[in-house]
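Visitor: What follows is a single structure, and I will ask about it in a moment.
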Amino acid sequence: YEGAWTVARILSEYEGVDLDTDYEEMVVGYIVGACDGTMKNALFTIDEIRAAGVNTNLLIADSKDERDASRCMPVELKKGTDVREEANLVDNPEVLGRRIGLLGLVKTYFKVVGLKNVAYHEWLTNGGDVEEPEPEPEEQEKPTPDPDPEPGPIQKDTIIIDSQPGHIEGGRSIGHK
């Protein structure tokens, strides 16, 4: 996911920075939990999250097995947004452990570096590629190769080995004995 930051990098780069300014960043991480009011109340199981009814935020981390809240970043899920509809763990428990790319503003959230005002999100595979449905195979006509293609001009970076060396236009001739 080209240009995206890891959770660890966002946390380290923005620690101690005045976050009253808007810093828009793309971050990639695994959904590992949610917060019930503070980072001290980080919840990492669906049962805890559902019992608390937390659908307004999530925690993301660089590992899907992370359970240390200090290595997690809280993400605000604003009411009425697609990301809240698709990613809150109360309504979508199956997304726990999934990889997501988020574009939002790095802000103070739960008194730590977090992501607010998410403008865009994408579900990712573990390799970082966008997760898309498999396209239906289409019947395509295969081009027929030209039986007698015309040779193109010799490029200057072309090497030709010839048993009878001579002049090669635009290059050097190297012979062997």
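The values are calculated or read from the model by the stated rules, or taken from the named source; none is laboratory data. The shown structure was predicted, so the numbers you read here are calculated from the model rather than taken from an experiment. Here Cβ is always computed from backbone atoms with ideal geometry, including for glycine, and neighbour counts include all displayed protein chains. What goes into the accessible areas is simple: the full protein's heavy atoms, side chains included, and nothing from ligands, DNA or RNA. Shrake-Rupley method; radii C 1.70, N 1.55, O 1.52, S 1.80 Å.
Visitor: Scan region 97-112 for residues that are under 12 Å from the mean Cα position of the chain (by Cα) and open to solvent by less than 20 Å² (accessible area, probe 1.4 Å) and jot them down.
Guide: ILE100, GLY101, LEU102
Visitor: Looking at region 70-101 only, could you name the residues that are among the aliphatic types (A, V, I, L, M) and touching a helix residue (DSSP H, G or I) at 6+ places or on another chain (Cβ under 7 Å)?
Guide: Residues satisfying the conditions are MET73, LEU77, ALA87, LEU89, VAL90, VAL95, LEU96, ILE100.
Visitor: Any residue that is modelled with pLDDT of 95 or more, more than 17 Å from the chain's Cα centre (by Cα), assigned to a strand (DSSP E or B) and among the hydroxyl-bearing types (Ser, Thr, Tyr) - is there at least one of those in region 64-76?
Guide: no
Visitor: Looking at region 27-43, can you tell me whether even one residue there is surrounded by 14 or more Cβ atoms within 10 Å (Cβ to Cβ), more than 22 Å from the chain's Cα centre (by Cα) and among the polar types (S, T, N, Q)?
Guide: yes
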